[in-house]
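K.L.:
The following block contains the structure, expressed as structure tokens.
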Amino acid sequence: MPSPRASRLWFWAIILASLLYVALLSWWSPFTSDTYHHALTGMEHRFSFTLVWERCVDSYMTWNPRIGEYLAFAVATAGKWLFILLNPLVQVGLALMMFYLAAGRRVNPRSWPGVRLFGLGLLLLFTCTARPGVTIYWLSGATNYSWAAALWLGFLCLYRGLAETENQAPSGWRRWAAVLVLGFLAGMTNENNIPGTWLLLGILFLFVRVVRRKKLPLWFYGGLAAHVAGSCCMLFAPGVSARMNSAAPGCAVPLSGIPDRLESVPVLLARMHEYLALPLLLGLAAAWVLWKHSGRDRKAFLPWRTEMGTAAACIMTAYAMALSFCAAVIPADHAMFSATVLFGTGVMALIHVWYGLPGAVPRPRIFIVFFLVFSSACVASTLYDHLLMYRQHRERVNMILEQKKAGIRDLSVPPFSRPSPWCSFIFWVDLSESPEDYVNRGAASYYGIRSIRTK
């Protein structure tokens, strides 16, 4: 086992490598969000808080009331440099929060087991949100998805601390304000985060009240009330109704009637597992080994009851979040982000127990090696896809500017080609053959031309 000094070096090496990886993906992504819609804001003004407020109000009333939409508008006013600066920090922060939810403590850079689990968590984050080699916009549209998920996980981390010790209760008006504000913002992150949060907090309530037979602190209920208030502000926003009744409700298929919703269940599960191939295999291996060991020595699991419960709660809640879409829509690919991250957190908790049981055979080393090989291939392929897409995007931009300079007002450009056979990213944000499509009209406004289409 590495010394504390070596562990600390490994920790910072992992941090720096992750920051560099996400920075490159952010640099090579065409947008600071998922479409040209937010880039329009950046074209009109820089650091215009008035414009951001106006756009946020308009979005709340007519299209998208999620907190990620407002973050997207705010970042667009600063230009891409702010996105490149902040996005790597947010992604590493997500991994740190996943570690805290799984282990119930912060990463100790001088402890090799903690550093090892944190590094595994980063790879789980990078592979829970993309198929091997696929380039979807959980990073390119980070302001809409992973940034909002960071607020949500931060809120859950407050309550995870309650499962470990009673000394986590906020004291003083500043901490109370933090709990209330974070709870309200977490309620406005995403529709499927709402049932997930309520389910997790319900499990925690039963754990503390029934298992430990202790009272919950007042801030538990205060944060829950703030979350409910934020959820209501999002769910009852006029923009939700307007979007669901629009011709294109966010590239999702609206559902109606019980038969339609029942038929959507296999589709939703398949969509979720599509992004969980590697984490699912790793989680199944850990569950199988722990189940075998429980038949021989159940007492060995007594010190790990909280971690086992956390793993089960996260994984079950991830499935519940995925299935919650059948209440309204079949979601687009990006919509499973929070559920897949929570699933990865549950897998981390299982691995934490597996490493902590000396008698559990086989040891996780051989499984982790296979996971490292395949997840590294996924990460490398994602980086390569972004580079190829960035090159295509720059060529298209130069072509548009040349035609615009020549006085052409109705432009035709070639479509993007697939960076890899399994890449689906570009077909969400790419232009289409119809100049009247939402993305095409946004691009035309962005470049100051009359219309644009692919040929």
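K.L.:
Return yes or no: is H334 out of contact with any strand residue (DSSP E or B) (no Cβ under 8 Å at 6 or more places or on another chain) and at pLDDT below 90?
P.N.:
Yes.
K.L.:
In the range 386-409, which residue that is of a type in the set (K, R) and part of a helix (DSSP H, G or I) is surrounded by the most Cβ atoms within 10 Å (Cβ to Cβ)?
P.N.:
R396
K.L.:
Could you list all residues from the range 128-175 that are at pLDDT 75 or above and either part of a loop (DSSP other than H, G, I, E, B) or among the hydroxyl-bearing types (S, T, Y) (or both)?
P.N.:
Across the range 128-175, the qualifying residues are T143, N144, Y145, S146, Y159.
K.L.:
Which members of the range 44-83 meet the condition of being open to solvent by 70 Å² or more (accessible area, probe 1.4 Å) and at pLDDT below 80?
P.N.:
E44, H45, R46, F47, F49
K.L.:
Do we find that A237 is open to solvent by less than 40 Å² (accessible area, probe 1.4 Å) and under 24 Å from E69 (Cα atoms) in this structure?
P.N.:
So A237 fits the description; yes.
K.L.:
Let me ask you something else. Output the qualifying pairs, or none if there are none: Cβ atoms under 9 angstrom, residues six or more apart or on different chains, first residue in the range 350-376 and more than 19 Å from M1 (Cα to Cα) and touching a residue at least 40 places away in the same chain (Cβ under 8 Å), second residue open to solvent by less than 40 Å² (accessible area, probe 1.4 Å) and among the hydroxyl-bearing types (S, T, Y).
P.N.:
Pairs that qualify, where the first residue is more than 19 Å from M1 (Cα to Cα) and touching a residue at least 40 places away in the same chain (Cβ under 8 Å) and the partner is open to solvent by less than 40 Å² (accessible area, probe 1.4 Å) and among the hydroxyl-bearing types (S, T, Y), are F371/T127; F374/T127; S375/T127.
K.L.:
While we're here: Return yes when P113 is modelled with pLDDT of 85 or more, surrounded by fewer than 16 Cβ atoms within 10 Å (Cβ to Cβ), more than 28 Å from L383 (Cβ to Cβ) and in contact with a Gly (Cβ under 9 Å, 6 or more places away or on another chain) and no when it is not.
P.N.:
yes
K.L.:
Which of (1) closer than 23 Å to E164 by Cβ; (2) in contact with a Gly (Cβ under 8 Å, 6 or more places away or on another chain) is the odd one out, the single condition R296 does not satisfy?
P.N.:
Result: R296 passes all but (1).
K.L.:
Checking the condition of a type outside the set (A, V, I, L, M, F, W, C), in a loop (DSSP other than H, G, I, E, B) and touching a Ser or Thr at 6+ places or on another chain (Cβ under 9 Å), which residue from S375, S412, S381, S420 passes?
P.N.:
On the way: S375 fails: in a loop (DSSP other than H, G, I, E, B); S412 fails: in a loop (DSSP other than H, G, I, E, B); S381 fails: in a loop (DSSP other than H, G, I, E, B).
Of the residues listed, the single one that is of a type outside the set (A, V, I, L, M, F, W, C), in a loop (DSSP other than H, G, I, E, B) and touching a Ser or Thr at 6+ places or on another chain (Cβ under 9 Å) is S420.
K.L.:
Taking only pairs six or more apart or across chains, which ones have beta-carbon atoms under 9 Å, a first residue in the range 272-298 that is of a type in the set (V, I, T), and a second residue that is surrounded by 15 or more Cβ atoms within 10 Å (Cβ to Cβ) and at pLDDT 85 or above?
P.N.:
V289/W354; V289/L357; V289/A360; V289/P364; V289/F367
K.L.:
Here's another thing I want to ask about it. Tally up the residues in the range 407-455 that are of a type in the set (D, E, K, R), closer than 18 Å to E395 by Cβ and at pLDDT 80 or above, please.
P.N.:
Looking only at that region, the number is 2.
K.L.:
Now for a separate question. Mind checking which pairs have a first residue in the range 433-444 that is more than 14 Å from P415 (Cβ to Cβ) and a second that is modelled with pLDDT under 85, Cβ under 7 Å, 6 or more apart or different chains?
P.N.:
If the second residue must be modelled with pLDDT under 85, the pairs left are Y438/A248; G442/T35; G442/Y36; G442/H37; G442/L40.
K.L.:
What's the number of the only condition in (1) more than 24 Å from Y100 (Cα to Cα); (2) open to solvent by 50 Å² or more (accessible area, probe 1.4 Å) that P303 fails to meet?
P.N.:
Going through (1) more than 24 Å from Y100 (Cα to Cα); (2) open to solvent by 50 Å² or more (accessible area, probe 1.4 Å) one by one, P303 breaks only (1).
K.L.:
Can you say whether A318 is surrounded by fewer than 23 Cβ atoms within 10 Å (Cβ to Cβ) and small (G, A, S), as far as the supplied structure shows?
P.N.:
Criteria not met by A318.
The values are calculated or read from the model by the stated rules, or taken from the named source; none is laboratory data. What you are looking at is a predicted structure, and each value in this text was computed from that prediction instead of being measured. Cβ atoms come from the backbone with ideal geometry, glycine included; neighbour counts cover every protein chain shown. Heavy atoms of the whole protein, side chains included, go into the accessibility calculation; ligands, DNA and RNA do not. Shrake-Rupley method; radii C 1.70, N 1.55, O 1.52, S 1.80 Å.
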